[in-house]
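The values are calculated or read from the model by the stated rules, or taken from the named source; none is laboratory data. Note that this is a predicted model, so its numbers are computed, not measured. Counting neighbours? That spans all protein chains shown, and the Cβs are built from the backbone with ideal geometry, glycine included. Areas reflect the complete protein model, heavy atoms only, side chains present, ligands, DNA and RNA absent. Shrake-Rupley method; radii C 1.70, N 1.55, O 1.52, S 1.80 Å.
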Amino acid sequence: MAVTHNLGFPRIGARRELKLAVEAYWREEISRQTLERRGAELRSEHWKLQADAGLDLLPVGDFAWYDGVLDTAMLFGAIPDRFGSTPDLDTAFHMARGRAPGRDDVPPCAMLKWFDTNYHYIVPELSPGQGFRLHADTLLAQVAEARELGYRAKPVLLGPVTFLLLSRYSGEGSALALLEELLPHYGRLLEQLRDAGCEWVQLDEPSLVTELDEEALRAYEQAYHRLQVPGVKLMLTTYFGELGEQLELAMHLPTDGVHVDLVHGSWDTTALMDRLPPYKALSLGVVDGRNVWRTDLERVLDALEPLAARLGERLWVGPSCSLLHSPVRLDQEDGLDPELTSWMAYAVEKVGEVVVIGRALAEGRDAVATALAENRQALESRRHSARTHDAAVRERVAALDAQSGQRQTPYAERARLQQQRLQLPLFPVTTIGSFPQTSAIRKVRGEYRAGRLPDAVYRKLMRDEIADAVRRQEALGMDVLVHGEAERNDMVEYFGEQLSGYAFTRYGWVQSYGSRCVKPPVLYGDVSRPNPMTVDWAVYAQGLTDKPMKGMLTGPVTMLHWSFVRDDLPQREVCLQLALALRDEVLDLERAGLPVIQIDEPALREGLPLRRSAWQSYLDWAAYSFRVASSGVADSTQIHTHMCYSEFNDIMPSIAALDADVITIEATRSGMRLLEAFTGFRYPNAIGPGVYDIHSPRVPGAGEMLELLRKALQVLPAERLWANPDCGLKTREWPEVEQALANLVAAVELLRAEQEGGRLARA
């Protein structure tokens with residue numbers, strides 16, 4: 001009989017209960033005791049959902065108040081000095097946000113994307129002689145909670161090698177130099193979990209599906225030969241891709257089982273079976289943990305039934321990865337079309353699919369005949385539905401050629417024409433697009449969406465918010481303005497709501513970082529733009545000021561990656577459909593008189609395949625898609641793009657291939673280390689490295705921003721340097737935003753004075 005298990009469950013709650021509790025704690029509206037009680041209630045609810053579905057083993061330790069990598073740093077006492085040394089909840093929040101109740105504001109730890117997902121993790125900061133210390137009380141308490149409720153607990157830990165590879169190390173070489181110091185603490189933790197009654201421990205090592213150097217390969221050998229603790233079994237867990245050349249290593253490391261992601265790898269299991277040692281369990285991820293589509297259960301059974309006959313209880317079945325990346329439960333969705341709903345599965349339903357597969361392997365398909373028939377009918381409905389196909393859209397994509405993705409003239413000539421039109425000062429100051437989404441704004445939008453507010457009243461209230469944002473920017477002395485996006489709920493959802501081929505959920509929330517949740521739209525069919533989406537708002541905003549106003553759009557690559565995207569077409573084709581729809585909007589904005597248009601692509605790098613050998617193909621079509629969206633405008637129209645929380649050093653030629661006139665990038669949390677990318681590659685266009693970390697409530701001073709801009713000037717020419725925050729400001733409050741932007745303008749004025757002084761001195 002195959003063992004059914006789950007790699008991790010969404011921690012936020014079906015209605016974002018965790019987000020609401022954590023933010024109430026940050027506002028000091030509830031006590032820490034109340035917060036911890038609510039966390040325990042969520043864990044209990046989630047375990048019950050999985051146990052009631054029929055799973056054999058339940059994940060424990062997948063719950064985190066902010067981030068699991070951060071929790072791993074706390075677990076082993078890897079706390080930078082500026083946050084103190086107490087490994088408690090407030091310290092974790094301090095590390096993530098730079099702020100915690102009763103503590104001074106300090107720069108938070110950096111935040112990066114988790115492999116190729118839209119989840120962000122807090123980057124551990126490690127140094128030589130780190131001095132790890134084990135603090136396992138929280139994890140052991142959660143194990144005890146689960147066992148007291150009668151559940152068979154499988155603790156989930158981030159593996160030691162991936163933990164170190166994801167960390168930032170201040171010494172020479174990589175953080176793998178600390179492996180010898182770290183392993184004894186992992187060993188003691190495994191002993192404590194064994195003594196707490198745990199038979200299996202899941203050690204997540206997703207880095208094994210990436211390309212690894214010899215040092216990392218040796219680290220895996222070293223780590224897992226050391227982590228031999230009698231009485232506890234280890235499930236080495238990989239996901240997000242194929243093991244490739246690391247397959248032999250993964251199979252022969254001394255663990256009791258290995259998990260392989262078939263959804264994002266090969267369904268040809270011959271190589272797996274050929275290399276599987278006779279004592280080892282093989283866990284297969286056959287249910288997609290990162291999307292919302294139903295699993296083809298009969299296809300899975302066709303692949304697994306021969307393996308089950310050979311392996312018996314050594315065959316485990318689960319999702320491809322943690323269900324952290326999936327919404328919680330579909331049965332709440334009462335506003336979706338029933339046909340579309342029948343094609344979908346959230347976390348609870350995915351757990352149910354795992355159980356159906358396990359039962360079919362144990363008892364035969366007849367035992368689950370009803371579930372299989374329902375699954376077959378849903379898949380056939382989706383496969384043949386007219387709502388997924390639009391011949392005109394596909395013909396338009398087929399007609400694209402190389403010229404479709406090229407501006408009329410090179411950047412240098414465009415820049416001259418744009419400066420004649422815009423008359424911008426040195427170091428132009430702008431923002432990324434959004435301004436605070438106040439409770440009043442959210443209330444108005446909610447009332448309007450519920451049908452309780454007439455259209456005319458809604459539009460007036462939104463125009464009032466836009467006018468307020470414009471007045472504030474003018475008073476601050478900004479150079480290129482934005483309308484503030486008061487009318488927008490989310491940078492992808494807002495556009496998807498106005499495009500064909502998209503559907504929208506009420507409860508399809510997933511965690512992006514900390515308490516930040518997003519509700520990706522469901523991209524199920526061919527995409528086109530029936531009507532203009534932003535033009536009226538942008539034209540109104542431009543009419544309020546003589547300064548240049550930016551039209552604000554989300555780019556095709558980000559629309560693709562930040563949606564639950566269809567899996568029945570190649571991603572390149574879906575992306576080009578999106579690019580053509582956005583190209584129509586770009587041209588309408590230009591015709592309406594907008595001199596600057598920003599097309600955000602924060603997801604460009606996160607879409608990179610995990611193996612470098614596949615990068616160029618992806619980057620070629622991703623950059624081409626952006627250019628299709630942006631290249632139809634005149635030379636005098638300035639195209640901006642924005643990217644955040646991405647490391648660009650290794651893809652600079654592809655960033656340049658976007659041919660945006662101005663690129664704005666996140667740079668603050670790295671202390672401008674991101675600018676190292678521009679020392680080895682002469683980026684040809686204008687750049688705005690962010691100097692204000694908007695993901696923290698901390699307000700940096702003008703002097704701090706000035707120092708960052710001075711660093712930028714060491715590698716960027718003054719005439720191509722812009723000044724801006726790291727990202728949009730929708731999650732912040734107006735008082736901190738105005739103070740931070742005032743400091744930014746003051747820093748730029750000082751820098752302009754320094755440049756003028758230097759120019760006069762040279763003269």
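A search for C-beta distances below 6 Å between a residue of region 696-717 that is within 24 Å of Glu733 (Cβ to Cβ) and of a type in the set (Val, Ile, Thr) and any residue that is modelled with pLDDT under 90 and in a helix (DSSP H, G or I), counting only pairs 6+ apart in sequence or on different chains, returns nothing. All conditions in (1) under 19 Å from the mean Cα position of the chain (by Cα); (2) open to solvent by less than 10 Å² (accessible area, probe 1.4 Å); (3) of a type in the set (A, V, I, L, M); (4) closer than 30 Å to Ala96 by Cβ hold for Leu523, with the sole exception of (4). I'm trying to understand the selection: among the residues of region 427-462, which are under 25 Å from Leu476 (Cβ atoms), open to solvent by 70 Å² or more (accessible area, probe 1.4 Å) and touching an Asp or Glu at 6+ places or on another chain (Cβ under 9 Å)? If the condition is that a residue be under 25 Å from Leu476 (Cβ atoms), open to solvent by 70 Å² or more (accessible area, probe 1.4 Å) and touching an Asp or Glu at 6+ places or on another chain (Cβ under 9 Å), then no residue fits. Scanning region 298-326 for residues that are of a type outside the set (A, V, I, L, M) and under 16 Å from Leu262 (Cβ atoms) turns up Glu298, Arg299, Asp302, Glu305, Pro306, Trp316, Gly318, Pro319, Ser320, Cys321, Ser322.
Looking only at region 60-95, count how many residues are part of a helix (DSSP H, G or I) and acidic (Asp, Glu). Please lay out each step first, then the result.
Restricting attention to region 60-95, the residues satisfying the condition of being part of a helix (DSSP H, G or I) are 68-75, 81-83, 89-95.
The next check asks that each one be acidic (Asp, Glu); those that pass are 71, 81, 90.
Adding up the residues that qualify gives 3.
Return a yes/no flag: does region 334-345 have any residue that is touching a residue at least 12 places away in the same chain (Cβ under 8 Å), within 23 Å of the chain's Cα centre (by Cα) and open to solvent by 20 Å² or more (accessible area, probe 1.4 Å). No: zero hits. Close contacts from region 13-30, counting a first residue that is free of Cβ contacts under 8 Å to residues at least 40 places away in the same chain and a second that is open to solvent by 50 Å² or more (accessible area, probe 1.4 Å) and not in a loop (DSSP other than H, G, I, E, B), with Cβ to Cβ under 6 Å and a gap of 6+ residues or different chains, come to Ala21/Arg38. Does Arg27 satisfy the criteria of being more than 23 Å from the chain's Cα centre (by Cα), surrounded by fewer than 22 Cβ atoms within 10 Å (Cβ to Cβ) and among the basic types (Lys, Arg)? Against the criterion (more than 23 Å from the chain's Cα centre (by Cα), surrounded by fewer than 22 Cβ atoms within 10 Å (Cβ to Cβ) and among the basic types (Lys, Arg)), Arg27 qualifies.
Looking at this structure, is Arg529 surrounded by fewer than 23 Cβ atoms within 10 Å (Cβ to Cβ), over 26 Å from Glu487 (Cα atoms) and of a type in the set (D, E, K, R)?
no
Would you check which residues across region 649-680 are assigned to a loop (DSSP other than H, G, I, E, B), farther than 23 Å from Ala747 by Cα and in contact with a Phe, Trp or Tyr (Cβ under 9 Å, 6 or more places away or on another chain) and list them? Working first, answer last.
Residues of region 649-680 that are assigned to a loop (DSSP other than H, G, I, E, B), as a first pass: 658-661, 666-672, 679-680.
So of that shortlist, the ones also farther than 23 Å from Ala747 by Cα come out as 658-661, 679-680.
Matches in region 649-680: Leu658, Asp659, Ala660, Asp661.
Summed over region 564-604, residues that are assigned to a helix (DSSP H, G or I) and out of contact with any Asp or Glu (no Cβ under 7 Å at 6 or more places or on another chain) total 20. Filtering region 312-328 to residues that are on the phi < 0 side of the Ramachandran plot and surrounded by fewer than 18 Cβ atoms within 10 Å (Cβ to Cβ) leaves only Glu313. Scanning region 98-113 for residues that are touching a His at 6+ places or on another chain (Cβ under 8 Å) and open to solvent by 20 Å² or more (accessible area, probe 1.4 Å) gives Arg103, Val106, Leu112, Lys113. Out of Glu199, Glu205, one residue alone is over 29 Å from the mean Cα position of the chain (by Cα) and not hydrophobic (A, V, I, L, M, F, W, C). It is Glu199.
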